[in-house]
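What follows is a single structure, written as structure tokens, with notes after it.
The values are calculated or read from the model by the stated rules, or taken from the named source; none is laboratory data. Source: prediction; values computed, not measured. Don't worry about glycine lacking a Cβ; one is built from the backbone with ideal geometry, like all the others, and counts go over all protein chains shown. Keep in mind that these areas ignore ligands, DNA and RNA; they rest on the heavy atoms of the full protein, side chains included. Shrake-Rupley method; radii C 1.70, N 1.55, O 1.52, S 1.80 Å.
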Amino acid sequence: MGDSRGGFQAARRLIDLAEAVRASPELPRTALAELLAAHGERPADLTEESFPEASAAELRAAARRMAAVLAERDEDRAAGALNVLFEECGTRPRLTRHDGHPWHLHVDRGEEAGWGDWFLASGALALAQLLTEYGRIAWGACAAAGCGRFFLATGPGSARRYCSSGCATRARVAAHRRRKREGEV
């Protein structure tokens with residue numbers, strides 16, 4: 001979803017928020033608001049009145065829930081989890097363009113829906129778009145020992161297992177050393 005025209009990137013927002021909450025489970029409301037603002041949310045929607053601590057708690061819980069979907073490697077289970085989220089959130093997507101972004105699918109945070117429901121619905125929509133566009137899971141959690149960072153795998157080629165070339169290299173070197181040790185024993 002790397003739109004070179006500066007398009008809205010809901011999948012990148014999802015990854016960044018889920019990773020931030022995983023790294024710091026009680027990420028402060030102000031840090032969440034800054035992260036949301038960095039992804040195009042309007043500052044007026046992120047004030048302490050519009051986005052109070054209770055809303056931040058909902059958003060943190062939703063980010064933890066989306067982390068489970070981001071860690072899923074099986075396409076059928078991922079699709080099933082996304083369908084459950086669509087049904088639970090009961091929101092409908094619509095096409096919109098705002099704040100200089102080109103047309104994109106959007107789910108609104110309605111009066112009755114909180115920040116958590118909005119995040120679950122918009123995150124599920126972003127992942128569903130990736131799954132249908134690529135015909136495979138185009139996201140994941142790094143398979144390198146001690147890492148586990150979330151990443152998007154929207155480039156060409158086969159599905160990725162690592163968040164970066166650095167993690168892939170470390171994993172290959174560790175596997176090579178392990179095989180060499182086992183062969184020498």
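Shown for the chain: cysteine residues without a partner Cβ closer than 4.7 Å, namely CYS89, CYS167. Largest mean-square fluctuation among ALA141, ALA68, ALA78, in a Gaussian network model of the chain whose springs join Cα atoms under 10 Å apart, belongs to ALA68.
Normalising the average separation of contacting C-alpha pairs (under 8 angstrom, six or more residues apart) by the number of residues puts the relative contact order of segment 1-139 at 29 percent. Per residue, the accessible area of the chain comes to 56 Å², computed with a 1.4 Å probe over protein heavy atoms only. Taking only the Cα atoms of segment 133-185, the ratio Rg/Rh comes out at 1.11, with Rh defined as the Kirkwood radius.
Scoring 169-181, 86-98 by mean Cβ neighbours within 10 Å over their residues and listing the highest first yields 86-98, 169-181. Rolling a 1.4 Å probe over the protein heavy atoms of the chain, with every protein chain left in place, gives an accessible area that is 51 percent carbon and sulfur. Each of TRP103, TRP118 has its accessible area taken with a 1.4 Å probe; listed largest first, they run TRP103, TRP118. Long hydrophobic helices in the chain: the complete DSSP H runs spanning 18 Å or more by Cα along their own axis with mean Kyte-Doolittle hydropathy of at least 0.5 are 115-134. Averaging Cα coordinates gives a centre for segment 15-71 and one for segment 127-185; these two points are 26 Å apart. Rounded to two decimals, the Cα radius of gyration of the chain over 2.2 N^0.38 Å is 1.14.
Look at the alpha carbon pairs under 8 Å that are at least 6 residues apart: their mean separation over the length of segment 100-157 gives a relative contact order of 19 percent.
Only DSSP H runs of four or more residues enter the estimate; each adds -39500 (n - 2.57), and after division by the residues of the chain the mean residue ellipticity at 222 nm equals -17500 deg cm²/dmol.
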